[in-house]
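K.L.:
If you scroll down you'll find the structure; I have some questions about it.
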Amino acid sequence: TPLLEVRDLVQRYTLPRENLFKPAAQVHALNGVTAQVSAGKSLGVVGESGSGKSTFARLVMALERPSSGSVSLMGRDLNQMRSDELRRARRDFQMVFQDPYGSLDPRQTIARIVAEPLTALGRIDRAALRERVAAVLRQVGLRDADMDKFPHEFSGGQRQRIAIARALITQPKLIVADEPVSALDVSVQAQVLNLMQDLQDQFGLSYILISHDLAVVDLLCDEIAVMYLGRIVEQGRPEDLFARG
Ligand code: ADP
Ligand code: ADP
């Protein structure tokens, strides 16, 4: 079974009515998306703004329920899981957001931010937790001592490393990264992408990498899906898609 299988995914949003007499308008954010990701492989999702990329990411992460269709992780439909099963399944898939400034709580220490996906799963011995946080910080190129600092003490690229460390803390199989480098300077983008590639090689991690930048997905992904108006309009290996221009 594939690591992740998405079938006929449809998501409609009802917009607020302008007034009582107008029918509520609907946005079709996803119009039947089917895709799969094998263990250790990565899928790039590209497409213009509004094409449905973030909606796809939110559904894969079970942050929303789809209007119809299914998302299965290792053969199990997320929408069929009880909430405690879903909580445990979340160990295996984590998300990294675009904005390393907005997504790290400025009032929390790095140790707390990085540990959160693990502490959310249950009680853990404090010493073991700090050891685990130190280990993932080292994996992303930061130092043990960084765990007692706060987000504002780090650069944009370092904050994105912290966000990746946070995702790694549960030893996930899949990381969904929504525009993970687009807020960074180009030279820093390359460093973060190289880190993501190293982690992929080292742990057999899979990514769903959402980006408006083809060069970014080309580097990390075995397969690219091009989205347009809530559909995948083209899918294939990067070399095949690019060869056809
Ligand atoms: P992308 O990530 O490619 O920019 P999105 O998934 O954010 O695309 O959006 C796809 C479409 O769905 C857009 O028209 C967007 O305005 C709409 N949309 C997304 N989320 C919501 C929502 N929660 N409520 C209403 N419309 C939404
Ligand atoms: P995320 O936090 O996953 O990035 P968004 O920033 O797209 O989600 O959405 C934040 C909130 O705004 C959500 O509660 C969503 O319902 C709403 N929203 C997002 N896009 C639209 C839209 N195009 N029209 C109406 N509401 C939206």
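The values are calculated or read from the model by the stated rules, or taken from the named source; none is laboratory data. What you see is a predicted model, and the numbers here were worked out from it, not measured in a lab. Virtual Cβ from ideal backbone geometry, glycine too; neighbours counted across all protein chains shown. Side chains included, ligands, DNA and RNA excluded: accessible areas come from the protein's heavy atoms. Shrake-Rupley method; radii C 1.70, N 1.55, O 1.52, S 1.80 Å.
K.L.:
Explain nothing, just compute: Karplus ³J(HN,Hα) = 6.51 cos²θ - 1.76 cosθ + 1.60, θ = phi - 60°, for every residue of the stretch 82-94 in order, whole Hz, x for Gly and Pro.
P.N.:
These are the phi-based 3J(HN,Hα) values: 6, 5, 6, 5, 5, 4, 5, 5, 4, 3, 7, 9, 10 Hz.
K.L.:
How high is the relative contact order of the stretch 155-219? Use alpha-carbon pairs under 8 Å, at least six apart in sequence, and give a whole percent.
P.N.:
Numbers: 53 pairs, mean separation 26.3, N = 65.
Relative contact order comes out at 40 percent.
K.L.:
A further question on this structure: Against the empirical 2.2 N^0.38 Å scaling, what ratio does the C-alpha Rg of the stretch 1-84 come to? Spell out each step's value before the answer.
P.N.:
Numbers: Rg = 14.9 Å, N = 84, 2.2 N^0.38 = 11.8 Å.
Compared with the compact-globule rule of thumb, the stretch 1-84 sits at 1.25.
K.L.:
By per-residue mean of other Cβ atoms within 10 Å, what is the highest-first order of 60-67, 132-139, 120-127? All intermediate terms of the calculation are to be shown ahead of the outcome.
P.N.:
Values: 60-67: 16.4, 132-139: 19.0, 120-127: 9.9.
In descending order of packing, they fall as 132-139, 60-67, 120-127.
K.L.:
Another question, if that's okay. What does the helix-only formula give at 222 nm for the chain: each DSSP H stretch with n ≥ 4 adding -39500 (n - 2.57), the total divided by the residues, and the result rounded to the nearest 500 deg cm²/dmol?
P.N.:
Helix contribution divided over all residues of the chain: -10000 deg cm²/dmol.
K.L.:
Give the carbon-plus-sulfur fraction of the accessible surface of the chain in %, rounded to a whole number; probe 1.4 Å, heavy atoms of protein chains only.
P.N.:
48
K.L.:
Quick check: the angle from helix 156-168's long axis to the longest principal axis of the chain, C-alpha only, nearest 10 degrees?
P.N.:
Roughly 80 degrees, rounded to the nearest 10.
K.L.:
Right, something else. If you rank HIS212, HIS28 by how much accessible surface each has, with a 1.4 Å probe, what is the order from largest down?
P.N.:
Working: HIS212 120, HIS28 90 Å².
Ranking HIS212, HIS28 by accessible area, largest first, yields HIS212, HIS28.
K.L.:
Over the stretch 104-164, what is the mean sequence separation of C-alpha contacts under 8 Å (at least six apart), divided by residue count, expressed as relative contact order in percent? Intermediate results must be reported in sequence, preceding the final value.
P.N.:
Numbers: 50 pairs, mean separation 29.4, N = 61.
That works out to 48 percent.
K.L.:
Got a sec? What order do MET147, MET74 fall in by accessible area at 1.4 Å, biggest, i.e. largest, first?
P.N.:
Values: MET147 10, MET74 75 Å².
My answer, sorted largest first, is MET74, MET147.
K.L.:
For the stretch 69-109, what is the charge dipole size about the Cα centre, in debye to the nearest 20, if Lys and Arg each add +1 at the Cβ and Asp and Glu each add -1 at the Cβ?
P.N.:
Working: 7 positive and 6 negative charges, 33 e Å.
In total the dipole reaches around 160 debye.
K.L.:
Excluding ligands, DNA and RNA, what is the solvent-accessible area per residue of the chain at a probe of 1.4 Å, expressed in Å²?
P.N.:
Numbers: 12600 Å² over 245 residues.
Here the per-residue accessible area is 51 Å².
K.L.:
Taking amide H positions as placed in the peptide plane 1.01 Å from N, state which residues far from MET95 in sequence (5 or more) or on other chains have amide H under 5 Å from it.
P.N.:
Excluding prolines and chain starts, which carry no amide H, the hits are VAL176.
K.L.:
Separate question: Pairing the Cα long axis of helix 186-203 with the longest principal axis of the chain, what angle in degrees results, from 0 to 90 and rounded to the nearest 10?
P.N.:
The angle comes out at about 80 degrees.
K.L.:
Rounded to the nearest 10 Å², what accessible area does LYS41 have for a 1.4 Å probe in the complete protein model?
P.N.:
LYS41 has an accessible surface of roughly 100 Å² with all protein chains in place.
K.L.:
How would you rank 171-177, 19-25, highest first, on the average number of other Cβ atoms within 10 Å across their residues?
P.N.:
Details: 171-177: 21.3, 19-25: 7.3.
Highest mean packing first, the order is 171-177, 19-25.
K.L.:
Taking the inverse of the average 1/r across all pairs of different Cα atoms in the chain, what Kirkwood radius in Å do you get? Can you show the working numbers first?
P.N.:
Details: mean 1/r = 0.0530 Å⁻¹.
With all distinct Cα pairs of the chain included, I get 18.9 Å.
K.L.:
Once you have the alpha carbon radius of gyration of the stretch 111-245, what is it after dividing by 2.2 N^0.38 Å, with N set to its residue count? Walk me through the intermediate numbers first.
P.N.:
Values: Rg = 16.6 Å, N = 135, 2.2 N^0.38 = 14.2 Å.
For the stretch 111-245, the normalised Cα radius of gyration is 1.17.
K.L.:
Also: Any aspartates and glutamates with Cα under 13 Å of the LYS149 Cα? List them, leaving off those in the same chain fewer than 8 positions away.
P.N.:
Those aspartates and glutamates meeting the cut-off are ASP105.
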